[in-house]
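Okay, so here's the structure we're looking at.
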Amino acid sequence: MADPLATVAGLAAQLAARAISSVEATRAALDRIAALDHSLNSFVTVDGDGALAAAGAADDARAKGEAGPLAGIPIAHKDVLMTAGLPTTCGSRMLANFVAPYDAHVVGRLKRAGTVLVGKTNMDEFAMGSSNENSHFGPVRNPWNPALVPGGSSGGSAAAVAARLVPAATGTDTGGSIRQPASYTGITGLKPTYGRCSRYGLVAFASSLDTPGVFARTAEDCALLLAAMAGRDARDSTSMDRPVDDYAGALAKPADDPARPLAGLRVGLPAEFLGEGVDAEVARAVEAAIAELRRLGATTVPVALPRIGLCVPVYYVIAPAEASSNLSRFDGVRYGHRAAEYRDLADMYRRSRAEGFGPEVKRRILVGTYVLSHGYYDAYYLKAQQVRRLVADDFRAAFAQCDVIAGPTAPTAAFPIGAQADDPVQMYLNDIFTIPANLAGIPAVSIPCGFTGDGRPIGLQLHGPAFAEARLLAVAHRFQQATDWHERAPAL
Ligand code: GLN
């Protein structure tokens, strides 16, 4: 019996066996969105007609023998990625009426692979946030408990995948926006190496940190999507000209010793990741997951990441600095909302930006403008760049002793909507374990590894050296073959 709620790999097998058509799978996704999303608010735009047309085309391609592994799979894109002909709002009033004139590189790649775009997902405004409460289109709710945040900023994509509305969705991760919501919603989220996927068509927040990536229920599904998304794009000068690894092949490789499939793997454990400030239930679940990695044959080694404590302050200098520059284009002339009434040109800029941006975006623009201003640039921005290099050096030294680094994705599980809304610094601290990978440019994945006593998902984070996505996904896959945390579904 065909299951339209299957994983990407499961659905791909059903499609290949003609047990289900893409039109049927897409209709099932659209029906589920219609039935459930009014309470989750994970979608900003649903494109039913476009999705069914793309699904029909995928079925036709399959009939002609021209379908690849992702052909006909319904997916969603975070609303920060440009999608030709569809709104791309970035969760902002500023872009509430903006229709993208072209596809982001990763969107185009996934389209060419035959995926079916069902809609665009809600997000914190301009990807600034850790709870998805900063969207112009209202907060997203966590499918495990509607009183909780789903994490952010890619909370819509995470909630949509966790609620089984779509089997996979894209996200972007500047300081944790894929991994933290993946952990809060009990799914798998991969932030690739900076430069592995092109940023072309990703509306820029902090260009030196922004990384397109993917949400799915399993590492295997993330591998399938990453294979389609990764690769050099001449339109993004930071996208790397380097062959894309065979991710699915790395996962499928049989273990030499099936009882100990992770034999030979060295897992680095930084004391900084399991110390003070980590919720006791999160620490317990992560320690149990590390014990499971050992049971699967891995050895663990202590490593040091002494600058972890500096990462949040460094990030909150660099990211707002870049944001203040990137967001200057939203002036009501070149891009974005324009005030209906104004006295003169300066007043038009002022009113358009005052009306178009929400409070968190304004806060970041103010901070960014300040740290870049003459007289403060050296003390803040330059210093932050120097510490950023030291963080990357720490990871390089740690990876001389281990193959992956493990720890929690976030210090706590999902918190109630509103609980941190008035305390930006508390909110920023949710990203303490995710920001380091962005500063260093390295890949990291969050995988489900347990629940709190009151049923909130917990994520295990694995970091790898630059371009070690295949290794990370293979370790995550072995863990998922031995555990069933990723199979737990919220009751909806
Ligand atoms: N929560 C972080 C911030 O608000 C990270 C956001 C992101 O990764 N896009 O900046």
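Every number here is computed from the coordinates shown, using simple stated rules; none is lab data. Just so we're clear, the structure is a prediction, and the values are computed from it rather than from any experiment. Note: ideal-geometry Cβ built from the backbone for every residue, glycine included; neighbour counts use all protein chains shown.
Structure notes:
- Average Cα contact separation per residue, the stretch 1-111, under 8 Å, 6 or more apart, as relative contact order %: 21
- Residues in the stretch 167-178 carry Karplus couplings, in order, of x, 7, 7, 7, x, 9, 10, 9, x, x, 5, 9 Hz; the curve used is 6.51 cos²θ - 1.76 cosθ + 1.60 with θ = phi - 60°, and Gly or Pro positions show x.
- FRET efficiency, Ser207 to Glu276 (Cβ-Cβ, R0 30 Å, nearest 0.05): 0.35
- Length gained when the stretch Asp422-Arg242 is fully extended (0.36 nm per residue, less Cα-Cα span): 60.4 nm
- Coil-residue GluC sites (Glu not before Pro) of the stretch 324-400, DSSP, other Cβ within 10 Å capped at 10: Glu341
- Among the trypsin sites (Lys or Arg not before Pro) within the stretch 334-387, those in coil by DSSP and having at most 12 neighbouring Cβ atoms inside 10 Å are Arg334, Arg343.
- Residue-wise HN-Hα couplings along the stretch 25-33, as the Karplus relation 6.51 cos²θ - 1.76 cosθ + 1.60 with θ = phi - 60° gives them from phi, are 5, 5, 5, 4, 5, 5, 5, 5, 4 Hz; Gly and Pro carry x.
- The count of lysine pairs in the chain whose Cα atoms are under 29 Å apart, excluding pairs fewer than 8 places apart on the same chain, comes to 14.
- Going from the fewest other Cβ atoms within 10 Å to the most, the residues Ile290, Ile73 appear in the order Ile290, Ile73.
- Cut-off under 5 Å, modelled amide H: who pairs with Ala104 long-range: Met82, Thr83, Ala84
- Amide hydrogen proximity for Ala168: with H placed 1.01 Å from N in the peptide plane, the residues at 5 or more positions away or on another chain lying under 5 Å are Ala76.
- For Gly152, distant residues with modelled amide H under 5 Å away: Ser131, Asn132
- Of the trypsin sites (Lys or Arg not before Pro) found in the stretch 39-128, those in coil by DSSP whose Cβ has at most 14 other Cβ atoms within 10 Å are Lys64.
- Our note on the geometry: Cα centres of the stretch 399-450 and the stretch 327-361, 33 Å apart.
- Label-reachable residues, the stretch 457-476, where backbone N falls under 12 Å from a point 7 Å from Ala255's Cα toward its Cβ: 475-476
- Of Ser135, Ser237, Ser21, the sequence from fewest to most neighbouring Cβ atoms within 10 angstrom is Ser237, Ser21, Ser135.
- As a length-normalised measure over Cα pairs under 8 Å and 6 or more apart, the relative contact order of the chain settles at 17 percent.
- In the chain, the convex hull through the Cα atoms has an average projected area of 22.4 nm², a quarter of its surface area.
- Relative contact order of the stretch 169-300, defined on C-alpha pairs under 8 angstrom at six or more residues apart (%): 20
- Neighbour counting of Cβ atoms within 10 Å sorts the residues Phe137, Phe395, fewest neighbours leading, into Phe137, Phe395.
- Alpha-carbon centroid distance for the pair the stretch 127-205 / the stretch 40-59, whole angstrom: 19
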